[in-house]
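S.K.: Dropping the structure in here first, questions after.
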Amino acid sequence: AHLVFVSEALRGLARAAAPGLDAWLARATVQPMGLELERFAAIERAPARPAVILVVARLVAIKGVDVAIDALARLRSRARLVIAGDGPARDELEQRAALRVAGRQDVDVQFLGMVDATRRDELLREASVVVVPSRAMPTGRTEGMPMIALEALASGVPVVASAVGGLSELASSAELVPPDSPIELADAIDRTLAAPRPAGQLRAAVAHLDWRAVAPRLVRSE
């Protein structure tokens, strides 16, 4: 058997949990999921005004959507937080959002629920920044490599993310902040909105993840 991990962080967790298998796990392949790069490259960027801060995630604790909501209340920029996804925490998050932005005219929160791939692409077209505010859980569980972060980069959309799990490996292409820190997340979003990285630079960061390159590598690892 041969294992494939989507991030070095996940392989590290496995090696720490099973030291007796370390020699075998050391030979495992680390390979993030591939992307249909042509599809994302074809998205014609047209960021909306006011700025759209996009979160695409299942609404559960590990995704840290509550941190994004708290950060919105601390932004200096005029913006709208658009949350695409559903889950058991939706009611709680909607109530939190209503409290955090009450009385403010310069920020807003919109919950879209589940979206399909076509709608996701439309949201990436309009987004000024994609935020991935994931956290590490008390059990040690963390993110592998959320696809929306890679899809955003492939679309030329700046990414602000928590420095946890596989997201930590995007340090050269995304703005990383400590998890569970709305103040630092808000500061990073403001900086990104003021001076976004060039779209070409972001796309180049994931050029190696084209499925046409990833699939043969996975086949060779068997």
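S.K.: To the nearest 10 degrees, how steep is helix 211-220 against the longest Cα principal axis of the chain, on a 0 to 90 scale?
M.R.: 30
S.K.: What does the C-alpha gyration tensor say about the overall shape of segment 98-187? Classify as rounded when a/c is under 1.5, otherwise prolate if a/b is larger than b/c, or oblate.
M.R.: Oblate is the answer for segment 98-187, as a/c is 1.5 or above yet b/c matches or exceeds a/b.
S.K.: Could you tell me how many degrees, from 0 to 90 and to the nearest 10, lie between the Cα long axis of helix 90-100 and the main elongation axis, the longest principal axis, of the Cα atoms of the chain?
M.R.: Long axis of 90-100 versus the principal axis of the chain: about 50 degrees.
S.K.: From the Cα gyration tensor of segment 1-114, with a ≥ b ≥ c the square roots of its eigenvalues, which class applies: rounded if a/c is under 1.5, or else prolate if a/b is larger than b/c, or else oblate?
M.R.: Prolate shape, in that a/c is at least 1.5 and a/b is the bigger ratio.
S.K.: Full extension from residue 49 to residue 76: what is 0.36 nm times the residue separation minus their Cα-Cα distance, to one decimal in nm?
M.R.: This chain segment gains 8.2 nm when fully extended.
S.K.: Another one. What spacing in nm lies between the two simple spin-label points modelled at residue 15 and residue 42, each 7 Å away from Cα in the Cβ direction?
M.R.: 4.0
S.K.: Further question on the same structure: Per the helix-only calculation at 222 nm, which mean residue ellipticity applies to the chain, given -39500 (n - 2.57) for every DSSP H run of n ≥ 4 and division by its residues, nearest 500 deg cm²/dmol?
M.R.: Helix-only estimate at 222 nm: -11000 deg cm²/dmol.
S.K.: Another one. For the peptides 100-110, 32-42, 52-62, what is the packing order when you average, over each peptide's residues, the other Cβ atoms within 10 Å and list the highest mean first?
M.R.: Per-residue Cβ counts within 10 Å, averaged per peptide and sorted highest first, yield 52-62, 32-42, 100-110.
S.K.: Counting only heavy atoms of protein chains, what accessible area per residue, in Å², does segment 171-222 have with a probe of 1.4 Å?
M.R.: 57
S.K.: Given R₀ = 35 Å, what would the calculated FRET efficiency be for residue 26 paired with residue 117, taking r from the Cβ atoms and rounding to 0.05?
M.R.: After rounding, the FRET efficiency stands at 0.45.
S.K.: Roughly what angle does helix 117-126 make with the longest principal axis of the chain, taking Cα atoms, 0 to 90 degrees, to the nearest 10?
M.R.: So the helix axis and the longest Cα principal axis differ by about 60 degrees.
S.K.: Taking only protein heavy atoms into account and a 1.4 Å probe, give the accessible area per residue of segment 1-132 in Å².
M.R.: 50
S.K.: Okay, moving on. Quick one: with all protein chains in place, what share of the accessible area of segment 1-93 is carbon or sulfur, to the nearest percent (1.4 Å probe)?
M.R.: Whole-percent figure for carbon plus sulfur exposure: 54.
S.K.: Pull out the extension gain between residue 195 and residue 4, defined as 0.36 nm times the separation in residues minus the alpha carbon to alpha carbon distance; nm, one decimal.
M.R.: Net length gain for the segment: 65.1 nm.
S.K.: Provide the packing ranking of 144-155, 16-27, i.e. peptides ordered by the mean count of other C-beta atoms within 10 Å per residue, highest first.
M.R.: 144-155, 16-27
The values are calculated or read from the model by the stated rules, or taken from the named source; none is laboratory data. No experiment lies behind these values; they were computed from the predicted model shown. Methodologically, a virtual Cβ is constructed for each residue, glycine included, from the backbone with ideal geometry; neighbour enumeration extends over all protein chains shown. We work out accessible area using only protein heavy atoms, side chains counted, and drop any ligands, DNA or RNA first. Shrake-Rupley method; radii C 1.70, N 1.55, O 1.52, S 1.80 Å.
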